[in-house]
1. Let me spell it out: the conditions are (1) closer than 20 Å to residue B:56 by Cβ; (2) buried (at least 21 other Cβ atoms within 10 Å of the Cβ); (3) of a type in the set (Gly, Ala, Ser), and residue A:120 meets all of them except one. Which number is the exception?
2. Being buried (at least 18 other Cβ atoms within 10 Å of the Cβ), more than 7 Å from chain A (Cβ to nearest Cβ) and closer than 16 Å to residue B:125 by Cβ is the filter here; which residues of the range B:79-98 pass it?
3. Of the numbered conditions (1) open to solvent by less than 20 Å² (accessible area, probe 1.4 Å); (2) facing chain A (nearest Cβ under 10 Å); (3) outside any strand (DSSP E or B); (4) more than 27 Å from residue A:199 (Cβ to Cβ), residue B:137 fails exactly one; give the number of that condition.
4. Checking residue A:114 against (1) under 30 Å from residue A:81 (Cα atoms); (2) modelled with pLDDT under 95: exactly one of these is not met. Which one?
5. For the list (1) of a type in the set (Val, Ile, Thr); (2) out of contact with any His (no Cβ under 8 Å at 6 or more places or on another chain); (3) within 23 Å of residue A:199 (Cβ to Cβ), I need the number of the one condition that residue A:90 fails.
6. Does residue B:124 count as more than 10 Å from chain A (Cβ to nearest Cβ) and either closer than 23 Å to residue A:159 by Cα or over 18 Å from the mean Cα position of the chain (by Cα) (or both)?
7. Of everything in the range B:52-64 that's surrounded by fewer than 24 Cβ atoms within 10 Å (Cβ to Cβ) and more than 20 Å from residue A:172 (Cα to Cα), which residue is nearest to the other protein chains (Cβ to nearest Cβ)?
8. Hey, among the residues in the range B:99-115 that are open to solvent by 10 Å² or more (accessible area, probe 1.4 Å) and of a type in the set (D, E, K, R), which one's farthest from residue A:157 (Cα to Cα)?
There are 2 protein chains.
Amino acid sequence: VTDGHSPQAPARPGDTARTRVRRGADKAGYDRGVVDAVLDAGLVAHLAVTEADGQPYVLPVAYARDGDRVLVHGSTGSRLFRALADGAPTCLTVTLLDGLVLARSVFESSMRYRSVMVLGRATLLDGDEAWAAYARLTEHLMPGRWDDARQPTPKERAATLVLALPLDECSVKVSDGWPEDEDDDLDLPVWAGVVPVRTVLGSPEPAPDLRGDPPVPGYVTRWAW
Amino acid sequence: VTDGHSPQAPARPGDTARTRVRRGADKAGYDRGVVDAVLDAGLVAHLAVTEADGQPYVLPVAYARDGDRVLVHGSTGSRLFRALADGAPTCLTVTLLDGLVLARSVFESSMRYRSVMVLGRATLLDGDEAWAAYARLTEHLMPGRWDDARQPTPKERAATLVLALPLDECSVKVSDGWPEDEDDDLDLPVWAGVVPVRTVLGSPEPAPDLRGDPPVPGYVTRWAW
């Protein structure tokens, strides 16, 4: 993920056909369609805030894209979220790992991935806007859940900071290619290729304290990646 | 991932048995055994560096734990890696997503995850130490590959910054429990439970330009998570 490849076409998620021979492995770009597709496919973002002494902190957070912004939420007790609410400069990065790329050389070995970086400052939402954002966050992670689960009480809403980070300054990098070995390495007797990496959902497991015998909701059984 | 739960026992990776009824969902701690287990199970870290104006940047990177430190490597052409080599304060975070936790209430809904955060400053390695670190990085991501693939040339080594970040200041947070609904919510007619999330490897796909018909190496077919 760290090595610098040359630019190429954006990823088509899930497209790993052997027939697609593209030697260039990466694209760094600003295509909002690609940015949105990556943000919509992820579940966890990594969010940074820097202390006054220059020390950055990177925390995993749930998030959701909502049009031209990314929503996050956290506890009013969280120092990081309070700093974000106060307008601290932040970076939100979402990375999807798609495969291990085994080149004939160690140097050209890498990963298939899609990663979006958003820079800027977040805005604290309140009132109806915060409520709608809370619903959007829930629906991104757990589609169908907002209308089924018990929605937040005023006390719970008061304990939650809901923030919006605009997509004004964002970029996306996609690596979806094949090994890019030097010509001199192509005849080495070393297997080369890609080992796909996928994130999958297992079978739903009922809570031990579940009362009655409610079935797993249809909206949950339909979740898939 | 963002909500503040109460402390509990550390995760036993892969242990999601229904019989394990533990209402507390999280542990924040400094247990090096747990830190090491999470670092050893991950493939991608998120690494932050902050510019002079206070703007943090978070990049996905390959990494490996090597005893009491974490290794990363990047291009000499990368501004972020040059800043790290110059001793900029950094944060390296590794997060493993293990499940979606569907509580009866939206507020208590969350994720199962394991996350390690390492704070500090990296040191630039050179000579034999950089060589050994390069091998360790390769073996973490692709066990067995270092001795099979073509190893780096002096020119490739010169183009690569290999850095070590000590584990002196690190913490781990684990959420591996069940929904923690309020007592008043337990009788709601809402299904509650966990949808496991797993990262899996697909079948190896040979590079389109692979010459001859070498078999997939045994060390690759043995990879599993």
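1. Just one mismatch for residue A:120, condition (2).
2. Matches in the range B:79-98: B:81, B:84, B:85, B:92.
3. Checking residue B:137 against (1) open to solvent by less than 20 Å² (accessible area, probe 1.4 Å); (2) facing chain A (nearest Cβ under 10 Å); (3) outside any strand (DSSP E or B); (4) more than 27 Å from residue A:199 (Cβ to Cβ), the one that fails is (4).
4. (2)
5. Result: residue A:90 fails condition (3) only.
6. Criteria met by residue B:124.
7. The residue in question is B:54.
8. B:114
The values are calculated or read from the model by the stated rules, or taken from the named source; none is laboratory data. These figures come from a predicted structure and were not determined experimentally. Virtual Cβ from ideal backbone geometry, glycine too; neighbours counted across all protein chains shown. Note: areas computed on protein heavy atoms with side chains; ligands, DNA, RNA excluded. Shrake-Rupley method; radii C 1.70, N 1.55, O 1.52, S 1.80 Å.
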